[in-house]
């Protein structure tokens, strides 16, 4: 019999629901809420404790109740002794009864726990505002990483003695060192009294000069004794004072009074603007710029070929081959060149300058060698990383035409990295000008020698002049380097 059942209608699978952010976005769970609330509670509690101790005075009983002790300190602010006091937390000896001395203050420990809790809280919050849910293991890893980072930062904060409140308390010292101090009436009187004695000192100096010149070529056996010389000095001194007119005496007193006022006032402002000294500083600044020019030029010349040898892709062009020996040789070559660049930039240029000064002596050549070695290490690393980041398609296209390694590097690799080479070379030149200004402190030439000499002699106004000249020079160099950069890039 024929089948008279109705024909089957093929069933269609329902279309999947469209994917939305609500389906994959993070959701608050019980563990997340518990972690966030515990972290928030710890952060607020410990922060309140620290703030309460910080604002507590000497007569407050709460800090003493938790085992803190009050310590009075004296700071000199603008020539005045100012009394400060603070509550000091006890310290924990981390390695008791051992030869290793390492302690940790309770304040540092409280801050480490406080900000570790803040790091965990921020980890949970940032995880909830992300685009998709992450696993529990990832949450734990991120929270532990934030807590460790916060602990390290807070430990170094305390171990380095960072004190923003101390900076604010010593703000008077900053103004005094910048603009100079003011004098009281008693100090003005003492300075005037010292200046009144200057004619006597002047006459005594002239008398000693006359006696020294008188017996300069006299044989020792015919030279009078020290007591006789002192007697002659006193006689000539009295004579010079008697012959000194009131106008000359007053001029000596006024000059000495001005000199003492300027010396005792201190301060960096106003700068020294004498033409003779400006010329000396200008010639020293030119020498500093010359040191930076030669060091930067030699560094670029050395860094470019070293960067080619320190990059994997260019070394594969120079020494091609897929065998095990070829790969091993290339790896060893890249490793050795990169470690050489690490050793070049591993020490600060000031340490390099000390070494070269002890080897070849004082002078700008030692500064050139120090900056040359240090800048070569920096530029070699930057250039090699830029070479490894180039577009390999251009290199493959040129190799496919039968070009050799030299042609490929010259016409495919270098054009791609040339903007980076020019930009970083000019940047390091600007940096070397600033560095060369400091190398003179260790005898490596340039204006740094004069800076060190005037700083030690408390000639702050002359130091201010040189600092202004260095700032102007660096600004002009930055302006012209920017023009060169825009021209070639």
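Every number here is computed from the coordinates shown, using simple stated rules; none is lab data. The model shown is predicted, which means the values in this text are computed figures rather than measured ones. Cβ sites come from the backbone with ideal geometry, for glycine too, and all protein chains shown count toward neighbours.
Quick check: Cα centre of the stretch 446-465 to Cα centre of the stretch 385-399, how many Å? Rounded to whole Å, the Cα centres lie 50 Å apart.
Averaging the Cα positions of each part gives two centres, and for the stretch 196-266 and the stretch 116-134 these lie 80 Å apart. Between residue 351 and residue 456, take the C-beta separation as r, use R0 = 25 Å, and let me know the FRET efficiency to the nearest 0.05. After rounding, the FRET efficiency stands at 0.75. Taking the C-alpha atoms only, the angle from helix 460-488 to the longest principal axis of the chain is near 40 degrees.
Could you give me D for the stretch 23-175, from Stokes-Einstein at 4 °C and 1.567 mPa s, where the hydrodynamic radius is the Kirkwood radius over C-alpha pairs? Units µm² s⁻¹, please. Kindly include the intermediate steps, with their values, before the conclusion.
Working: Rh = 18.5 Å.
Approximately 70 µm²/s, per Stokes-Einstein.
Sorting the segments 144-150, 111-117, 291-297, 29-35 by their residues' average number of neighbouring beta-carbon atoms within 10 angstrom, most packed first, yields 291-297, 111-117, 144-150, 29-35.
Spacing of the modelled spin labels on residue 34 and residue 149, each 7 Å from Cα toward Cβ, amounts to 2.6 nm.
Gain in length, residue 188 to residue 141, computed as 0.36 nm per residue apart minus the alpha-carbon separation, to one decimal in nm?
Working: separation 47, 0.36 × 47 = 16.92 nm, distance 6.72 nm.
In short, 10.2 nm is gained.
Which label belongs to the value computed from this structure, given these candidates for mean projected area of the Cα convex hull in nm²: (i) 23.8; (ii) 54.2; (iii) 30.6? Of the listed options (i) 23.8; (ii) 54.2; (iii) 30.6, (ii) comes from this structure. With the crude spin-label approximation of a point 7 Å out along Cα→Cβ, what separation in nm comes out for residue 484 versus residue 293? Distance between the two pseudo-spin positions: 1.0 nm. Shape analysis of the stretch 201-307 places it in the oblate category; the axes a ≥ b ≥ c from the Cα gyration tensor give an a/c of at least 1.5, with a/b not above b/c. Using only Cα atoms, find the angle between the long axis of helix 226-243 and the longest principal axis of the chain, and express it within 0 to 90 degrees, rounded to the nearest 10. Helix 226-243 and the main axis of the chain meet at about 80 degrees.
Go through 419-427, 202-210, 385-393 and give me the packing order, highest mean Cβ count within 10 Å leading. Don't skip to the end; give the middle numbers.
Numbers: 419-427: 18.0, 202-210: 16.4, 385-393: 14.9.
Highest to lowest by the protection proxy: 419-427, 202-210, 385-393.
What the Cβ-Cβ distance of residue 262 and residue 103 gives, at R0 = 30 Å and to the nearest 0.05, is a FRET efficiency of 0.05. The angle between the Cα long axis of helix 30-55 and the main principal axis of the chain comes to about 10°, on a 0 to 90 degree scale. For the stretch 294-349, the alpha-carbon coordinates run over 42, 20, 11 Å along the three principal axes, in decreasing order.
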